[in-house]
Amino acid sequence: MSLNVDGAEEAFTFKGGMLPMTVMELGSADPERIRQQLESKRNQSPAFFQHTPVVLGVEKLDEPHLALERICAVCRDHKLLPVAVRGGADPVRQSAWALGLGWFAPVEEQRARRLTSVEKTPEAAPTEAPAEAPVEPAAAEPPPDMAPVVGARLYRGTVRSGQQVSSADGDLVVIGAVNAGAEVLAAGNIHVYGALRGRALAGIHGDLEAGIFCRELKAELLSVAGNYKRLEDIDPQLLDAPAEVRFYHQQLEIKPLA
């Protein structure tokens, strides 16, 4: 139980979180065109349109003013729930706030801020990543051609259901399996030298160059920089086999790991 300075129980606490979120990148500001495409998408994947929260990405639109309220109404008509807007000029940001939505800086601006922060941070001496779980006999060591990246966070053992393992500043290497109901997150790449059955979220700070690599794919959810696919969206021929996941041509690409 958390108590405030007066000794009373706190009504809430703030906690950092890294939640998967679908970004709906707008290539048109025309609400009618958006409506038509949503109708088509809903016919293809009706399960997706079940009150799914989305962030409206407007970086590609060279328009200072958007019919944001109408666009949000179209989304809600199709059971999508806009929760924030990413990018856009100041009028777009003000409109988002007026509609009760959040606002995020464009991806490139976020990336520039991170690079500036890295340049200002003194280089630290390399340290060995601590092992956080006992080594399981069944967990295979990575072969030489799949050696972990230096500086990555290393986790040895099985990531069990309900457990979350993250690397907020770089890659994450799991020498073991990720069970169903477990979650692994990384600012960079995710390497799983075992079965990946839970949720894997790479590039959690917006790095579109990040990827996911595993020995056996059966993931509940895969995400790179907020772009995700669920298990039912994955080609069955790619399941139960080594695979890599990348963001390519504006979508997640999953292919066999050579």
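The values are calculated or read from the model by the stated rules, or taken from the named source; none is laboratory data. Keep in mind the model is a prediction, meaning the values are calculated, not measured. Every residue, glycine as well, gets a Cβ built from its backbone with ideal geometry; the counts of neighbours run over all protein chains shown. Heads up: the accessible areas ignore ligands, DNA and RNA and are worked out on the full protein's heavy atoms, side chains in. Shrake-Rupley method; radii C 1.70, N 1.55, O 1.52, S 1.80 Å.
When the stretch 153-179 is filtered for residues that are hydroxyl-bearing (Ser, Thr, Tyr) and crowded, with 21+ Cβ neighbours inside 10 Å, the ones remaining, listed by number, are 155, 158, 167.
Selection of the stretch 212-226 for residues being in a strand (DSSP E or B), surrounded by fewer than 24 Cβ atoms within 10 Å (Cβ to Cβ) and within 11 Å of the chain's Cα centre (by Cα) yields only 221. Taken over the stretch 180-211, the residue count meeting the criterion of being under 20 Å from residue 255 (Cβ atoms), in contact with a Lys or Arg (Cβ under 6 Å, 6 or more places away or on another chain) and not in a strand (DSSP E or B) is 1. In the stretch 180-199, of all residues being closer than 15 Å to residue 161 by Cα and free of Cβ contacts under 8 Å to residues at least 40 places away in the same chain, the one that is most open to solvent (accessible area, probe 1.4 Å) corresponds to 197. Quick check: is even one residue across the stretch 162-170 closer than 23 Å to residue 241 by Cβ and assigned to a loop (DSSP other than H, G, I, E, B)? No - not one qualifying residue is present in the stretch 162-170. Close contacts from the stretch 230-245, counting a first residue that is in a helix (DSSP H, G or I) and a second that is of a type in the set (Gly, Ala, Ser), with Cβ to Cβ under 9 Å and a gap of 6+ residues or different chains, come to 231/219; 232/45; 232/47; 233/45. Pairs are defined by a Cβ separation below 6 Å, a sequence spacing of at least 6 or placement on different chains, a first member in the stretch 16-42 that is open to solvent by 60 Å² or more (accessible area, probe 1.4 Å), and a second member that is part of a helix (DSSP H, G or I) and modelled with pLDDT of 90 or more; the pairs so defined are 35/74.
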